[in-house]
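Take a look at the structure set out below.
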Amino acid sequence: MKKTLLTFLAATLFCGSVWASGYQVLLQSNRSTAMGNIGVGLRPDPSSINFNPGALAMMRENGVQVGANLIYSGIAFQPFESGEVYRTENPVGTPFHVFATFGGEESKLKFGLGVYTPYGSTVIWEDDWAGRFNLTQLSLQAIFIQPTVSYRITEQLSLGVGFIYSFGGVNLQRDIQAVYLGGNDYGSAELDGSASGFGYNLGLYFEPSEEFSLGINYRSRVNMKVENGTATFVKSPLVPDSQIPSETGFTSELPLPSNLTIGFSYRPTERFMVGADITRTGWNAYEALVFNYEDPVGGETTTVAARNYETSYAYRLGGEYAVSELFKLRAGAYYDQSPVQEGFLTPESPDANTLGLTAGFGLNIGEDFVVDASFLYINKEQRDNIANPEAGDLPLGTYKSVAVIPGLTLTYKF
């Protein structure tokens, strides 16, 4: 049956959206994506605003960078002891990134502004699937706006800091079953709201020689708060508003976890560079999904769904070979641990340990224009969701996720 699940998913791949561990999206530079998503210890370009603000001051020129990716993915679910397979039917994901840097050529100060999407998820399960009372559709997006300043302390050492304002929204839908007078009444629930939060991004960059560079980056946790959400319920007329209201307000909060990354790059020859990153992600901040309602829903004004995510680590390796002064080939790989514990796999994020394989190229057009292209293949481990009373009534069965993600970034230097 497990082989059947993987075959079915491969045949229906081009239908969805995907995330890294949890609901994190690691697609902020197609130069970096092509090299296994390394970036903290790389020689700087405008995307250093995201990867390592400390490196920004080492740039001698200014630049504007615009890029995007197309996420084609699929999630399949097969209940235990069943041959039926359910899948997602999601739109293509389109995360983007825009970075700009400013400062004098010889100045020790550099300024930057970044607008990018480091977190998000879109999941739309097919009609009447086995877990429809847990989730039918989810849309989550967070856009970061990050003004940044970086200072070159010496010719080898620089540091930087960015202030993060995050805004976005969440839309969650599921079917509901309400028992009334001994009968079964079916309906649906939709929770929709805008969210915002604040954080910061710190970086240190050290380049002791032309061959070696080292970076450290810390991006803080951002709490996305929904203050004026709207919960709408479609139900049978037999179900009174005192049991389930037709509409009510709600508040909630979703943590976007902190990241601590150490990275380096090494150039054994003028043409070849290799680098690596190690990231610790503070997913343990996501303990539960809590909704507080203005009016009682099913007799309760608060619902709590345990998540109990764990701190996770990601290991990334990549390299670049300069075929000529104008053309560079890139490749890499990464392994990303899942923060989701056994028995806590949810339809919103049925996560598993992830292997990512990457490739791409960089093309210089003249002295001022650069094109970076990448291709990423993601394969999440097949994973069973087992019964767990602490997690509540979740669908039990096997999940499998895969994805392919092409991307393009354009950079103009001035």
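The values are calculated or read from the model by the stated rules, or taken from the named source; none is laboratory data. This one's a predicted model, so the numbers in the text were calculated from it and none came from an experiment. Note: ideal-geometry Cβ built from the backbone for every residue, glycine included; neighbour counts use all protein chains shown.
In the range 169-208, the residue that is nearest to residue 90 (Cα to Cα) out of those that are modelled with pLDDT of 95 or more and not in a strand (DSSP E or B) is 207. Considering (1) modelled with pLDDT of 95 or more; (2) among the hydrophobic types (A, V, I, L, M, F, W, C); (3) within 28 Å of residue 256 (Cα to Cα), the lone condition that residue 212 does not fulfil carries the number (3). Among the numbered conditions (1) closer than 30 Å to residue 323 by Cβ; (2) touching a residue at least 24 places away in the same chain (Cβ under 8 Å); (3) over 21 Å from the mean Cα position of the chain (by Cα), the only one that residue 263 does not meet is (3).
Selection of the range 231-244 for residues being under 30 Å from residue 166 (Cβ atoms) and surrounded by 15 or more Cβ atoms within 10 Å (Cβ to Cβ) yields 231, 233. Name the single residue, out of those in the range 40-98 being closer than 24 Å to residue 140 by Cβ and aromatic (Phe, Trp, Tyr), that is surrounded by the fewest Cβ atoms within 10 Å (Cβ to Cβ). Among those that are closer than 24 Å to residue 140 by Cβ and aromatic (Phe, Trp, Tyr), it is 96.
Sort through 195, 142 and tell me the only one that's surrounded by 15 or more Cβ atoms within 10 Å (Cβ to Cβ), within 28 Å of residue 351 (Cα to Cα), in contact (Cβ under 8 Å) with a residue 60 or more places away in the chain and not charged (D, E, K, R).
None of the other options fit; the residue is 142.
Tell me, please, whether a residue that is aliphatic (A, V, I, L, M), buried (at least 16 other Cβ atoms within 10 Å of the Cβ) and modelled with pLDDT under 95 can be found in the range 311-327. Checked against the condition, which is being aliphatic (A, V, I, L, M), buried (at least 16 other Cβ atoms within 10 Å of the Cβ) and modelled with pLDDT under 95, the range 311-327 yields no hits at all. Of the residues making up the range 319-338, at least one is under 21 Å from residue 386 (Cα atoms) and of a type outside the set (Val, Ile, Thr).
Checked against the criterion of being touching a residue at least 60 places away in the same chain (Cβ under 8 Å), out of contact with any Ser or Thr (no Cβ under 8 Å at 6 or more places or on another chain) and over 20 Å from residue 61 (Cα atoms), the candidates 117, 122 yield just one match: 117.
For the range 250-308, the set of residues classified as within 22 Å of residue 167 (Cα to Cα), out of contact with any Ser or Thr (no Cβ under 7 Å at 6 or more places or on another chain), surrounded by fewer than 19 Cβ atoms within 10 Å (Cβ to Cβ) and among the polar types (S, T, N, Q) consists of 251 only. Looking only at residues of the range 140-151 that are modelled with pLDDT of 90 or more and of a type outside the set (A, V, I, L, M), we find that the one that is nearest to residue 27 (Cα to Cα) is 144. Restricting attention to the range 371-385, the residues being crowded, with 21+ Cβ neighbours inside 10 Å and modelled with pLDDT of 95 or more number 3. Here is the figure for the range 266-322: residues that are within 26 Å of the chain's Cα centre (by Cα) and of a type outside the set (A, V, I, L, M) total 25.
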